[in-house]
Amino acid sequence: MSTGEPIAATSNKDTKQHILNVTVELIREEGFSCTSLRKIAARADINLALVNYHYGSKEKLLSDAVRVLISTFDDAFCALDDNSLSPKERLKTFFIRYVGKLKEHPGLARQMLDETPHILASQDEYTRYCKMMKMQKILDALQEITKEQNERKLMTMVQQLYGAIVFPVIMTSSITEGQRNCVSMLTLPSIEVQIDGLFEHYFHKYN
């Protein structure tokens, strides 16, 4: 039975999805810096020209791959919808799961660090980033905790919390092997203990 869609169109969609799947796989294995169009074409077992035909540029392909990888954080964002938890517990659970995913995908962590100047410099990119990262859910949890109504102040809180919790993880994923030995000498508590300590100081006046 015909679906009404031309076979060629279906084949093109399959090929484009295959390219995207392979790209995501390579990023997870090797990180963004090691992912070239030639390597993607070789892993996908297709001609390099096909990759260019479907995506036009490496930037466009990596941008789509980032969207796929960010979807792996869905479990973290689900914590923000768990009304059986207090808003502070929801936020804590979100960050614990979020950091866990970043550690699973160091390539994504490095890409987020690399893209930060571009995101902050462009209003359109910043808006897109906020939507992808479901920023409103985080703002809502913070508003419940602090009762703050000023969205600018709430966004500043988000940036400060991200900086304190997430930025060290991104930086650690970016260090070289030689630097890793020095960093390993610093013994940090578990992420749960770090977040408890941060929240105790950060939210003490709202208790």
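The values are calculated or read from the model by the stated rules, or taken from the named source; none is laboratory data. Because the structure is predicted, anything quoted here is derived from the model rather than measured. Glycine also receives a Cβ, built like all others from the backbone with ideal geometry; neighbour counts cover every protein chain displayed. We work out accessible area using only protein heavy atoms, side chains counted, and drop any ligands, DNA or RNA first. Shrake-Rupley method; radii C 1.70, N 1.55, O 1.52, S 1.80 Å.
Out of curiosity, is VAL22 open to solvent by less than 60 Å² (accessible area, probe 1.4 Å), under 24 Å from the mean Cα position of the chain (by Cα), at pLDDT 85 or above and of a type outside the set (Phe, Trp, Tyr)?
So VAL22 fits the description; yes.
When residues of region 42-94 are filtered for being at pLDDT 90 or above and among the hydroxyl-bearing types (Ser, Thr, Tyr), how many remain?
Result for region 42-94: 5.
Which of the residues spanning region 27-81 are acidic (Asp, Glu) and either part of a helix (DSSP H, G or I) or within 30 Å of GLU144 (Cα to Cα) (or both)? Please lay out each step first, then the result.
Going residue by residue through region 27-81, those that are acidic (Asp, Glu) are 29-30, 45, 59, 64, 74-75, 81.
Listed by number, the residues that qualify are GLU29, GLU30, GLU59, ASP64, ASP74, ASP75, ASP81.
Here are the criteria: (1) within 26 Å of SER63 (Cβ to Cβ); (2) at pLDDT 90 or above; (3) out of contact with any helix residue (DSSP H, G or I) (no Cβ under 9 Å at 6 or more places or on another chain). Tell me which single one ARG97 does not satisfy.
(3)
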